[in-house]
Each structure stands twice: as structure tokens, then as C-alpha cells.
Amino acid sequence: VVKSIRNAAADLIAYFPPPLPEATATTPLYLLIGTERGFCGDFNHALLRRLEALPQTQAPSRPRLIAVGRKLCTLLEDDERVVAMLDGATVGDEVTDLLDQVVNKITTTQDACAIPTVHCLYHGSEEDIAMQQLLPPFQDLLQTPQHYPHPPVLNVPPAELLAELADHFLFAALHEMLYTSLMVENHYRITHLEGAMKHLDNQWEELGRKCNALRQEEIVEEIEVMLLSASNLGDDPERGSGNNSKSRRLG
């Protein structure tokens, strides 16, 4: 869906270039999509490292942050850059409600702080943390060349159509980011738990080997004690003479 919207916007912009506001060097707003639950390895820490690694031209010293996910919020609870914290989704059915909260927070923060640009940092895959600009949209499509000999036939003014595409893009892109992040989070959790189970299995085997070794040592010690006792009984002269006297009396 996101790809189709971008293709439509690129086609529209190529033939009807709009006066889209270009991104400026003002303080941006970053939406960080973290995890709601734990056992995800360094999922949230990797997200914060990616944020801190952004060039100064992209991330001034004090950007505004909206954190999604309780575990990520815990890491940022003393960070003065955070303007809002939201509980994340634990299952796919909760994404729609979360999206409404995210849009409301973005709108409120933009109105309060006059922030024109909004970016999102999220796990696009297990190995990659993606950053995508949400507002203003379609900035990377401003120089799109014309691929067809004739412009598209429109039933509404180009500016109105582009505004509607921007609304659809924001809705679809946020869905994509939240669902993708949740999928990668669950994959991280499965991998982490599988590693923990493997570690526990290895420890169980190691403890079993140690237990067997200790038991063998106990058995060897018991045998040595029995042999030593038998040897002492055979070498006791008093016990031997007493047995001989008793035999004579019986005879």
C-alpha cells in the first residue's frame, strides 16, 4: 500500500510540481518505536544508538522525542528531550488503537512546539534500523522525472489530491512501521528465548556431568573405606587370639 501511494504521488509531482515545504534545519521530532515487553536482547539499546549516531545536520543537539513501548520509555524516563511516552502494542490487534494515539501526539507536539519535520526510527528488519520522514511527506520525490508522455487525468485539483495522498501515506506508513517493528520485536524475543533455553540446557548437562563426577568420587571413597576397614580387621591380633581361645574352650 505504501509503495502504491508513493508511486501515485511521484507520478503526480512529476507533472504537477507542488510548492511543498522543504525540510529545514530546525529541531525535528523523532518517533521511536521500541518494545512493550522484555526479553528482546538489545532491541531498544540499538534504537537509541542509532538515534545518537545521526549526523548533526539530521539531529540537532536537542530534538524532540516521542517514545513508544514501555521498555524503551524506561530507558528514556530521565531524558529531557522526550515530550510523550506511549505504551506499545503487544499483539497485532492493538496496532490500530496505538496508531490513533501516535497521530494525536504528533499533532499536539507539532502545534505546541512548531516543529515542521517528523521522522520515525524503527526496526525495519532484524539487522537494520530504518529512518523515514513522515512530515512533510514526499520530500524525496520532488525531483521525480516524467515517465509517461502525457500527464495523469485528474478529477480534482493537484494540490487537493496531493493532500489526500499525504493523509493516506501517513496512515499507511505508520501501520507499516508499527507492524514491522512488532514483527521484528517478536523475532528478537523468540531468538533471545531460544538462546536462553539453549544456555539452560547446556548448564543442565554440565550440572549432570558434575553430579555424576561427584557421585563417582563418593563411590570410590566408600569403596576405599570398606577396603581399609577389611584390611584393619584382618590385621587385628587381639581379635584373632580371642577367636582362638574361644575355639579351644568349645573343644
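Among the candidates Ala166, Ala196, Ala230, Ala173, the residue that is modelled with pLDDT under 90 and surrounded by 11 or more Cβ atoms within 10 Å (Cβ to Cβ) is uniquely Ala196.
What residue, of Tyr122, Tyr188, is closer than 14 Å to Ile66 by Cα, in contact (Cβ under 8 Å) with a residue 40 or more places away in the chain and not β-branched (Val, Ile, Thr)? Full working, then the answer.
Working: Tyr188 fails: closer than 14 Å to Ile66 by Cα.
Tyr122 is the lone residue from the list that is closer than 14 Å to Ile66 by Cα, in contact (Cβ under 8 Å) with a residue 40 or more places away in the chain and not β-branched (Val, Ile, Thr).
If you go through region 105-148 and pick out every residue that is aromatic (Phe, Trp, Tyr) and open to solvent by less than 50 Å² (accessible area, probe 1.4 Å), you end up with 2. Inside region 97-122, residues that are in contact with a helix residue (DSSP H, G or I) (Cβ under 8 Å, 6 or more places away or on another chain) and more than 25 Å from Thr26 (Cα to Cα) make up a count of 2. Taking residues in region 191-213 that are of a type outside the set (Ser, Thr, Tyr), and partners anywhere that are at pLDDT below 90 and open to solvent by less than 80 Å² (accessible area, probe 1.4 Å), the pairs with Cβ atoms closer than 8 Å and at least 6 places apart or on different chains are His192/Cys40; His192/Gly41.
The values are calculated or read from the model by the stated rules, or taken from the named source; none is laboratory data. Source: prediction; values computed, not measured. For neighbour counting, all protein chains shown are included, and Cβ atoms are generated from backbone atoms with ideal geometry for every residue, glycine included. Accessible surface areas use protein heavy atoms only, side chains included; no ligands, DNA or RNA. Shrake-Rupley method; radii C 1.70, N 1.55, O 1.52, S 1.80 Å.
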